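Visitor: Take a look at this one; I'll ask things after.
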Amino acid sequence: MRQTYESSLAPDGSAIAFIVRDSGYPRAVQQEITPEGLGEERPVKLPVEGPVTRVLHSPDGKWIACEVSPYGTERLQTWLVSTDPEVDGARPLRMDADMRATLVEWDNNLLAMNAVDAQGINYARLVNPTNSKYEVIDRRTDSQLVAAESGFGLVRVGPRGHRELLLVGPGQQWQPLLPSDPGSTTDAGVLLAHPGQEKLTAFVLSDHGAEQRRILRLGITPDSGISTTEPRTAESTAAEILDMKIGIEVDVEEFIGNPDQDVEEFVISEDSSTAAVLWNSGGVSTLEVLTLGLHPQTDDMRVMVRRNVELPGMVARELSISGDGELISLTVEGPGLAPTVEILRNIGGVIEPLDMERTERILALEEKNLETMPAPELVYFVSRDGLELSGWLYLPESVRNSSNDVSGNALPPAFIHIHGGPELQAKPIHHDVLASIVEAGFVVFTPNVRGSSGSGRSFEHAGDRYGRFAAIADIAAARAFLVDAGLADPERIALGGRSYGGFMSLLASAWYPDQFAAIVDACGMTSFETYYQSTEPWLAQAAFPRYGYPYQDAELLRDISPLHRAEEMKAPTLFIHGEWDTNVPPRESGQMRNAMDAYGVPTDFLVVEGEGHKFSKPRSRALIGEAIIAFFAEHGVCDAAPSASTAVETNNDQ
């Protein structure tokens, strides 16, 4: 099943690079873009075994920077490859002490990167691709460079759930950009320089002072209370004009927002003429393309025209834009559409697919797939404390084809799937494993329990630390919804998820031992004592504010560690873990299985070879789907496991 995603347009619009997943590990390819359409795919050759996770064109189009996860581990590497097909070889961009190196963006002809050492200290670097020499513009624990421009950078600091951005500059000077707002998250942005002017402009993604995520425009100027006599010319650089040692002033205003939706992503073209914005409404994506201009009095950037763009699929992500704003690429997907790179042309106010015939074939394929696997329904239900929750409901063919009167029909089994995160969101994406479970006759329900994103800042924080107990109760409410609505056999409801979803499934099986017929835990944490010791240091630090701090919350962490509740569990449990998982090491599943075996609970353990925390190979995902259904059949949740088949067709246009 072919998938394409994570595209990067060459700034001059002459080429595109993206990731292909069709067999083995996901790999990078590049294609020319011509007036006639797309050229042939050329592979980007890298000397690393593992999935490519990101690609990034250089401004001059000579290089593609690639981010790779060796064997699926968290210890990412970055490599530089020439776009010239006659030039062989790839050059690593890392130091021996780097535990993890990731891409940010290009700052003119320098590559902005993050590199984390064994102590969890992040080095924000600007790297020269011609000789690999670099400058460190910031160094601090638990931070991440998110944008770079003219030697300045935006650095994300703070724990999950309360993140802020610092402006960093020459000499590792830094200043905070927004007043403190505990519980807010400002974690992404774009930085623009204005040659010859005494200012920088940052556009940041933030829920600072609001419930929903929006784009704020930050005008950054020298402190007006301090005079300077340095001469200014049109050629003066930002570093020469804006000396952070003497202080800055920041003018903040909402650039674009909606009280009922989150801005999920945005990009701005290099010439500042165009922006593309992805909105999230209940998990469904909408795309807006903005024409930008300058305010006649203030010279500040303004939105002049907003255009909605219809897309294939229900979910979109990973925006990229050419330097002049005339090309926009993104990944689209949905229940009937595997992830696919779509390219739009934006000329003269008209926005249309680069290759209309290709897009029409993709739409026709999606429509055909939805005939056999219809889109899920977004439904709402109420938790035990009265809080409204939502989730996506997938119905199997047996239910879709039955009459409204199901009194004479046996109710189907159900599988409740809890997403990862915890601050992710269940969306109507293409999920091949869940599709195979629906095809096996299950009702599948993917609820957004408290702690999920997409429903506002308060809802996302409602599952933090001691709020975890209410989130566990939300899972019981999801089960009650299926039973009360007459959608599932109450004796055949299974529960599972990956990472946080697996962890929560284990907890729910302890809290409600008689309510679930089987549990699937894919690489979930089982003891915070062992997890905090064995995960990567930067991941442990990030987890503290969501789950609990080792010293201050020791009792809480023990109480929500499934390992200490094994005696309360009854449901047969399938453990699934990637061989090379360094996020949640396989030891977490192994010790939980041993504890449950000691209490006589039926268990099984699938170790997926060559995979890490995410299962990226198609054959691995097929194996997982087959193992889950076989486990359910073995324990009476469903009938004998059917032969595997592909729920969604694909073609080479993807």
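The values are calculated or read from the model by the stated rules, or taken from the named source; none is laboratory data. Keep in mind the model is a prediction, meaning the values are calculated, not measured. Because the Cβ atoms are built from the backbone with ideal geometry, glycine has one as well, and the counts that use them run over all protein chains shown. Areas reflect the complete protein model, heavy atoms only, side chains present, ligands, DNA and RNA absent. Shrake-Rupley method; radii C 1.70, N 1.55, O 1.52, S 1.80 Å.
Visitor: Can you give the FRET efficiency to the nearest 0.05 for residue 304 and residue 249, using r as the Cβ-Cβ distance and R₀ = 30 Å? Present the calculation step by step, with values, prior to reporting the outcome.
Guide: On the way: r = 26 Å, r/R0 = 0.88.
According to the calculation, E is roughly 0.70.
Visitor: Put a dot 7 Å past each Cα toward the Cβ at residue 36 and residue 640; how far apart are the dots in nm?
Guide: 5.5
Visitor: Given the peptides 327-333, 24-30, arrange them by the average over their residues of other C-beta atoms within 10 Å, most packed first. Please list the in-between numbers first.
Guide: Details: 327-333: 24.9, 24-30: 19.7.
Put in order of decreasing packing, that is 327-333, 24-30.
Visitor: Counting only protein heavy atoms and using a 1.4 Å probe, what share of the accessible area of region 514-654 belongs to carbon plus sulfur, as a whole percent? Mind showing how you got there, number by number?
Guide: Numbers: 2830 of 5860 Å².
Taking all protein chains in place, region 514-654 shows 48 percent carbon and sulfur surface.
Visitor: Same structure again: If you average the alpha carbon positions of region 456-496 and of region 129-203, how far apart do those two centres end up, in angstrom?
Guide: Here the two parts' Cα centres lie 38 Å apart.
Visitor: Same structure, new question: So, in nm, how far is label residue 458 from label residue 271 when the simple model puts each one 7 Å beyond its Cα toward the Cβ?
Guide: 4.6
Visitor: Given points 7 Å out from each Cα along the Cα-Cβ axis, report the residue 551 to residue 23 separation in nanometres with one decimal.
Guide: Placing both labels 7 Å along Cα→Cβ, they lie 5.5 nm apart.
Visitor: Can you tally the net charge around residue 30? Count Lys and Arg as +1, Asp and Glu as -1, for every other residue whose Cβ sits under 9 Å from the Cβ of residue 30. Mind dumping the intermediate values first?
Guide: Details: positive: 42; negative: 32, 41.
With Lys, Arg at +1 and Asp, Glu at -1, the net is -1.
Visitor: Just to verify a number: FRET efficiency for residue 132 and residue 45, C-beta to C-beta distance, R0 = 22 Å, to 0.05? Can you show the working numbers first?
Guide: Values: r = 19 Å, r/R0 = 0.87.
In this case the efficiency is close to 0.70.
Visitor: To continue, here is another question. Classify region 562-606 as rounded, prolate or oblate, taking a ≥ b ≥ c as the square roots of the eigenvalues of its Cα gyration tensor: rounded when a/c is under 1.5, otherwise prolate if a/b is larger than b/c and oblate if not.
Guide: Working: a/c = 2.74, a/b = 1.79, b/c = 1.52.
Here region 562-606 falls in the prolate category.
Visitor: Would you please put 133-142, 151-160 in order of how densely packed they are, using the mean number of other Cβ atoms within 10 angstrom per residue and starting with the highest? Walk me through the numbers on the way to the answer.
Guide: On the way: 133-142: 16.2, 151-160: 21.2.
Result, highest mean first: 151-160, 133-142.
Visitor: Which whole-number percent gives the relative contact order of region 499-654, counting Cα pairs below 8 Å spaced six or more residues apart? Don't jump to the answer; show the numbers that get you there.
Guide: On the way: 241 pairs, mean separation 37.3, N = 156.
Result for region 499-654 is 24 percent.
Visitor: How charged is the neighbourhood of residue 600? Take every other residue with its Cβ under 12 Å from the Cβ of residue 600, and add Lys/Arg as +1 and Asp/Glu as -1.
Guide: Working: positive: 570; negative: 567, 597.
Taking every Cβ under 12 Å from that of residue 600, the sum is -1.
Visitor: Additional query: Using DSSP to define loop residues, name the chymotrypsin sites (Phe, Trp or Tyr not before Pro) in region 532-604 whose beta-carbon has at most 16 other beta-carbon atoms within 10 Å.
Guide: Values: sites: 532, 538, 547, 551, 575, 580, 599; in loops: 551, 580, 599.
When the chymotrypsin sites (Phe, Trp or Tyr not before Pro) of region 532-604 are filtered for loop state and at most 16 Cβ neighbours within 10 Å, 551, 599 remain.
Visitor: Now for a separate question. Within the chain, which whole H helices from DSSP have a Cα span along their axis of at least 18 Å and a mean Kyte-Doolittle hydropathy of 0.5 or more, if any? Before the final figure, lay out the partial values.
Guide: Numbers: long enough: 356-372 (25 Å, -0.92); 468-484 (24 Å, 1.13); 618-634 (24 Å, 0.66).
Length and hydropathy pass: 468-484, 618-634.
Visitor: Same structure, new question: PRE reach from residue 356 (point 7 Å along Cα→Cβ): which of region 320-338 fall under 19 Å by backbone N?
Guide: Counting only backbone N, you get 327-328.
Visitor: Please give the Cα centre distance for region 245-292 versus region 570-600, rounded to the nearest Å.
Guide: Each part reduced to its Cα centre gives a spacing of 42 Å.
Visitor: Another question, if that's okay. First measure r as the distance between the Cβ atoms of residue 172 and residue 619, then evaluate 1/(1 + (r/R0)^6) with R0 = 51 Å and state the FRET efficiency to the nearest 0.05.
Guide: Values: r = 47 Å, r/R0 = 0.92.
It comes out at approximately 0.65.
Visitor: While we're looking at this one, here's another question. Give, as a single signed number, the net charge of other residues whose beta carbon lies under 12 Å from the beta carbon of residue 626, with Lys and Arg counted +1 and Asp and Glu -1. Walk me through the numbers before you get to the answer.
Guide: Working: positive: 619, 621; negative: 432, 439.
Around residue 626, the surrounding residues sum to 0.
Visitor: For the pairs 427/617; 45/617; 368/614, note any where the Cα-Cα span goes beyond 24 Å.
Guide: From the list (427/617; 45/617; 368/614), the Cα-Cα distance tops 24 Å for 368/614.
Visitor: Additional query: Tell me, what is the 1.4 Å probe accessible area of residue 584, in Å² to the nearest 10?
Guide: Here the residue's solvent-accessible area equals roughly 0 Å².
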